[in-house]
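Colleague: My questions will all concern the structure given below.
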Amino acid sequence: MNNLEKVVVRIPPSPTGYFHIGRARTALFNYLFARKNKGKIVFRIEDTDKERSKKEYEEDIIESLEWLGIDYDDFYRQSERGEIYKKYIEKMLDNNSAYVAEDEVIRFKNPNRKIKFDDLVRGEIEFDTSDLEDFIVAKSINEPLYHLAVVVDDHESGVTHVIRGDDGISNTPRQILLQEAVGAVRPRYAHVPMILAPDRSKLSARQGATSIRDFRDKGYLPQAMINYLALLGWNPGTEQEIFTKEELIEQFSLEKIQKSGAIFDEKKLQWVNREHLKRLPAEVQKERQISALREELYIKKRPTLDVSSICWNDISKENTKKYLEKVKELVGDDDAIMKYAEKVGKGNVLWPLRYALSGLEKSPDPFTLMAALGKDESISRIEKAIQLL
Ligand code: GLU
């Protein structure tokens, strides 16, 4: 790469389904590469296929990118660029690289030759384009087909690097031919191996969660998700496995992308997620614990208490009652409760309090429980225990 050239990449999803993790992974590679090189990211919705494209999917893709923290510098939809494509179709008809065929469609005049390109991941790739025949580039002057739209967009946006899944390799010869026909500079290509299911088959909905929204709904952290996705087909060549987004940007390089398919492993993702959870600030961890607790049954429904379990060790009912009465007055002031417990004996106070709140031998600490229950419910549960004593 010459140093004067500004990197421009594209994130070009088709809104024909929820944002798949494979697409998200290539979007991430584009993002990391562009941010590392102070380049530009063009996000475009490839909705030339009117039947299969849906607004609902477009919204899902936009939301998923936002959730992952993948931002971009430019945004457009192919469906809004008809005039631009028309200009190029006219140009191709003028310079005789395309013609109107008998069936009225516009076909590319295939020069039938060999094309070579240097893939940044896979090395040199050669194709004989005569297999492609005179392929259709537009159904009419106003209806460009996919490959033409892609070539025009990449050219108009000044795309320097096409980083995409290796299911895109077979598109490359057509796109290179069209670039030559419209006078576009050829971008560099990096075809990234696909993400595979554990049995090495294509990762599809049959294997469970496959879209970013599935993982978001399962409760994964976005920072864990991008960390894990980055490791699917890339690693920095060191032992490091847990990265912040900034570290990924810093260390990312196309040269370190692997040539073989990456296996998706949810266990590993869970581990990465746990590591990121540990790194969250203490207050955020507390918040997450409390909101998770609100889902627990014993929080929603008052538990039945077993009198014999209320008192700590051999502390009398009388004393326990006294402790709980004091605590009841202090609910809302965790520090005061803690001070009081330290004075008269931590277990003596905190055990009956925790048990009164949860009705369980094992549960989160009483302060977390009180935060999840709220003040009124905490007081009523303490009162209930006092009555039983
Ligand atoms: N719209 C294509 C897709 O979502 C992108 C292919 C490409 O990167 O050229 O599969």
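The values are calculated or read from the model by the stated rules, or taken from the named source; none is laboratory data. No experiment lies behind these values; they were computed from the predicted model shown. Here the Cβ positions follow ideal geometry from the backbone for every residue, glycine too, while neighbour counts run over all protein chains shown.
Colleague: Could you list, in sequence order, all residues of segment 4-14 that are under 21 Å from ARG77 (Cα atoms) and either of a type in the set (Asp, Glu) or near the ligand (Cβ under 9 Å from one of its atoms) (or both)?
Modeller: Matches in segment 4-14: ARG10, ILE11, PRO12, PRO13, SER14.
Colleague: I would also like to ask the following. Do we have any residue at all in segment 165-179 that's part of a strand (DSSP E or B), touching a helix residue (DSSP H, G or I) at 6+ places or on another chain (Cβ under 9 Å), within 17 Å of ASN30 (Cα to Cα) and within 10 Å of the ligand (Cβ to nearest atom)? Can you show your working first?
Modeller: Here is the first cut: in segment 165-179, the ones part of a strand (DSSP E or B) are 165.
Within this subset, residues satisfying the condition of being touching a helix residue (DSSP H, G or I) at 6+ places or on another chain (Cβ under 9 Å) are 165.
Next, only the ones that are within 17 Å of ASN30 (Cα to Cα) stay: 165.
Retained after the next criterion (residues that are within 10 Å of the ligand (Cβ to nearest atom)): 165.
Checked segment 165-179: at least one residue is part of a strand (DSSP E or B), touching a helix residue (DSSP H, G or I) at 6+ places or on another chain (Cβ under 9 Å), within 17 Å of ASN30 (Cα to Cα) and within 10 Å of the ligand (Cβ to nearest atom).
Colleague: State all residues of segment 40-51 that are within 11 Å of the ligand (Cβ to nearest atom) and either in a helix (DSSP H, G or I) or not hydrophobic (A, V, I, L, M, F, W, C) (or both); if no residue qualifies, say none.
Modeller: At the first step, the residues of segment 40-51 found to be within 11 Å of the ligand (Cβ to nearest atom) are 44-49.
Within segment 40-51, ARG44, GLU46, ASP47, THR48, ASP49 qualify.
Colleague: I'm trying to understand the selection: among the residues of segment 67-99, which are at negative phi and either of a type in the set (Lys, Arg) or in a loop (DSSP other than H, G, I, E, B) (or both)?
Modeller: We begin by selecting, within segment 67-99, every residue at negative phi; these are 67-68, 70-95, 97-99.
Selection gives ILE70, ASP71, TYR72, ASP73, ARG77, ARG81, LYS86, LYS87, LYS91, ASN95, SER97.
Colleague: A further question follows. Could you tell me how many of the residues in segment 369-389 are in contact with a Leu (Cβ under 7 Å, 6 or more places away or on another chain) and of a type in the set (Lys, Arg)?
Modeller: Keep residues of segment 369-389 that are in contact with a Leu (Cβ under 7 Å, 6 or more places away or on another chain), which gives 369-370, 372-373, 378, 381-382, 384-386, 388.
This time we only want the ones that are of a type in the set (Lys, Arg), so: 381, 384.
Adding up the residues that qualify gives 2.
Colleague: Within the bounds of segment 17-30, is there any residue that is in a loop (DSSP other than H, G, I, E, B), within 9 Å of the ligand (Cβ to nearest atom) and hydroxyl-bearing (Ser, Thr, Tyr)?
Modeller: no
Colleague: When segment 1-16 is examined, which residues are found to be of a type in the set (D, E, K, R) and in a loop (DSSP other than H, G, I, E, B)? Before you say what the answer is, go through the steps one by one.
Modeller: Pass one, segment 1-16, residues of a type in the set (D, E, K, R): 5-6, 10.
Matches in segment 1-16: GLU5, LYS6.
Colleague: Would you please name the residue that is surrounded by the fewest Cβ atoms within 10 Å (Cβ to Cβ), looking only at residues in segment 128-150 that are of a type in the set (Val, Ile, Thr) and under 19 Å from ASN112 (Cβ atoms)?
Modeller: First, pick out the residues of segment 128-150 that are of a type in the set (Val, Ile, Thr): 129, 136-137, 141, 150.
From what is left, the residues that are under 19 Å from ASN112 (Cβ atoms) are 129, 136-137.
Working: THR129: 18, ILE136: 16, VAL137: 27.
Per the criteria, the residue is ILE136.
Colleague: What are the residues in segment 299-323 that are touching a Pro at 6+ places or on another chain (Cβ under 6 Å) and of a type in the set (A, V, I, L, M), if any?
Modeller: ILE310
Colleague: Sticking with this one: State which residue is surrounded by the most Cβ atoms within 10 Å (Cβ to Cβ) when the search covers only segment 105-127 and only residues that are part of a loop (DSSP other than H, G, I, E, B) and out of contact with any strand residue (DSSP E or B) (no Cβ under 7 Å at 6 or more places or on another chain).
Modeller: As a first pass, look at segment 105-127 and keep what is part of a loop (DSSP other than H, G, I, E, B): 105, 109-113, 120-122.
Next, from what is left, pick out any that are out of contact with any strand residue (DSSP E or B) (no Cβ under 7 Å at 6 or more places or on another chain): 110-113.
Details: ASN110: 16, PRO111: 12, ASN112: 12, ARG113: 10.
Top of the filtered list is ASN110.
Colleague: Turning to a different aspect of this structure: Exactly one of these conditions fails for TYR57: (1) surrounded by fewer than 22 Cβ atoms within 10 Å (Cβ to Cβ); (2) away from the ligand (no atom under 12 Å from the Cβ). Give me its number.
Modeller: For TYR57, the exception is condition (2).
Colleague: Can you name the helices (runs of 4 or more DSSP H) wholly within segment 305-344 that have at least 2 residues being more than 47 Å from the chain's Cα centre (by Cα) and in contact (Cβ under 8 Å) with a residue 12 or more places away in the chain? I'd like the intermediate steps shown before the answer.
Modeller: Details: elements: 307-310, 317-330, 334-344.
Passing ranges, in order: 317-330.
Colleague: When segment 222-260 is examined, which residues are found to be of a type in the set (A, V, I, L, M), buried (at least 19 other Cβ atoms within 10 Å of the Cβ) and out of contact with any strand residue (DSSP E or B) (no Cβ under 7 Å at 6 or more places or on another chain)?
Modeller: Once the filter is applied, which keeps residues that are of a type in the set (A, V, I, L, M), buried (at least 19 other Cβ atoms within 10 Å of the Cβ) and out of contact with any strand residue (DSSP E or B) (no Cβ under 7 Å at 6 or more places or on another chain), segment 222-260 yields ALA224, MET225, ILE226, LEU229, ALA230, LEU231, LEU248.
Colleague: Tell me whether segment 151-161 contains one or more residues that are over 26 Å from the mean Cα position of the chain (by Cα) and outside any helix (DSSP H, G or I). Talk me through it step by step, then tell me what you get.
Modeller: As a first pass, look at segment 151-161 and keep what is over 26 Å from the mean Cα position of the chain (by Cα): 151-152, 155-156, 158.
Still in the list and also outside any helix (DSSP H, G or I): 158.
The answer is yes, given that some residue of segment 151-161 is over 26 Å from the mean Cα position of the chain (by Cα) and outside any helix (DSSP H, G or I).
Colleague: With the requirement that a residue be within 16 Å of the ligand (Cβ to nearest atom) and aliphatic (A, V, I, L, M), what does segment 118-136 give you?
Modeller: Selection gives LEU120, VAL121, ILE125.
Colleague: Of the conditions (1) in a loop (DSSP other than H, G, I, E, B); (2) at pLDDT 95 or above; (3) within 30 Å of GLN175 (Cα to Cα), ILE242 clears all except one; give me its number.
Modeller: Unmet for ILE242, out of (1) in a loop (DSSP other than H, G, I, E, B); (2) at pLDDT 95 or above; (3) within 30 Å of GLN175 (Cα to Cα): (3).
Colleague: While we're on this one: Report yes if some residue within segment 222-245 is within 16 Å of the ligand (Cβ to nearest atom), more than 16 Å from the chain's Cα centre (by Cα) and over 24 Å from VAL9 (Cα atoms); otherwise report no.
Modeller: No, the conditions are met nowhere in segment 222-245.
Colleague: While we're on this one: Across segment 64-98, what is the total count of residues that are within 16 Å of LYS139 (Cβ to Cβ) and exposed (fewer than 13 other Cβ atoms within 10 Å of the Cβ)?
Modeller: Going through segment 64-98 one residue at a time, the tally reaches 1.
Colleague: When you scan segment 270-292, do you find a residue that is under 21 Å from PRO193 (Cα atoms) and surrounded by fewer than 18 Cβ atoms within 10 Å (Cβ to Cβ), even just one? Steps first, answer last, please.
Modeller: Taking segment 270-292 first, the residues under 21 Å from PRO193 (Cα atoms) are none.
No.
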